[in-house]
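Each remark here refers to the structure printed beneath this line.
The values are calculated or read from the model by the stated rules, or taken from the named source; none is laboratory data. Model, not experiment: these values are computed from the prediction. Please note: Cβ atoms are built from the backbone with ideal geometry, for glycine as well, and neighbour counts cover all protein chains shown. Only protein heavy atoms, including side chains, enter the accessible area calculation; ligands, DNA and RNA are left aside. Shrake-Rupley method; radii C 1.70, N 1.55, O 1.52, S 1.80 Å.
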Amino acid sequence: PERRDDVQRDRTFSALRWVIAGSVAQRAIAFLALGAIARLIGKEDFGVFRQLATLHTIVVFVLPVGFDQLVVREKERRAEYMRALGGAAAVTFALVAAAVLAGHAYLGRALGMGADAWLLSMFPVVLAFQAAKCAIKPGLIADLNLRSINLAEFANTAVAMGGGIALLFVSPTPLSLYAAFAAGEITEWLMLRGCCAAPARVPWGERLAAFA
């Protein structure tokens, strides 16, 4: 038992180090990149992208419907809750995506997006990858595999910021920033999926059934 406690303590401290290192690295990249982005795009165009990014942040927060906490806390029923989490993320994604597509004109006016409101039509595509990430991350957190999570998040930030700067040189529009943002999300999903244990890759039909 004492040996197991030592191993668990080592894993916990290792996870903490990765969280701190990942947070510092991401903030450093974001700080440097945002300075360059501010010089390449107008304030109004950047504001449109910020509205989109904020909308994603709000929706991603509610996607798991609380099942992510159960996955982390309930070790005995973790497999069951992982399936339910996937189902919850899929159902919430479908409802939000349908609502955004149906009301994108009104939502665009409410967010002050003007002629760029059409970018909301791309929202469900990006959200789909974020929902897929939500179905993976809690299992990795429960296993204290924060190294993989932080590497994936770092790659997301690097691709989104670096890609955004590169695309702004070609076309200084909100679309460039949003496309780079999407590329970052896809990169993170691919990396998380690559380190996900095979048993966690449950068919979506089973996940929906578990949630129902």
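Numbers for the structure displayed
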{"read-out": "Hydrodynamic radius by Kirkwood, which averages 1/r over all alpha carbon pairs of the stretch 10-165, in angstrom", "value": "17.3"}
{"read-out": "Separation between Cα centres of the stretch 44-81 and the stretch 164-179, rounded to whole Å", "value": "26"}
{"read-out": "Heavy-atom surface of the stretch 65-127, accessible at 1.4 Å and reported per residue (Å²)", "value": "54"}
{"read-out": "Listed residues Met113, Met191, Met82, Met122 arranged by accessible area, highest first, probe 1.4 Å", "value": "Met191, Met122, Met82, Met113"}
{"read-out": "Order of exposure, largest accessible area first, which applies to His56, His104 with probe 1.4 Å", "value": "His104, His56"}
{"read-out": "Accessible-area value, Tyr106, 1.4 Å probe, nucleic acids and ligands omitted, Å²", "value": "150"}
{"read-out": "Computed E for Leu101/Gln69 - FRET, C-beta separation, R0 30 angstrom, nearest 0.05", "value": "0.55"}
{"read-out": "Karplus-derived HN-Hα couplings along the stretch 87-95 (A = 6.51, B = -1.76, C = 1.60, θ = phi - 60°), whole Hz, x at Gly and Pro", "value": "x, 5, 4, 5, 5, 4, 4, 4, 5"}
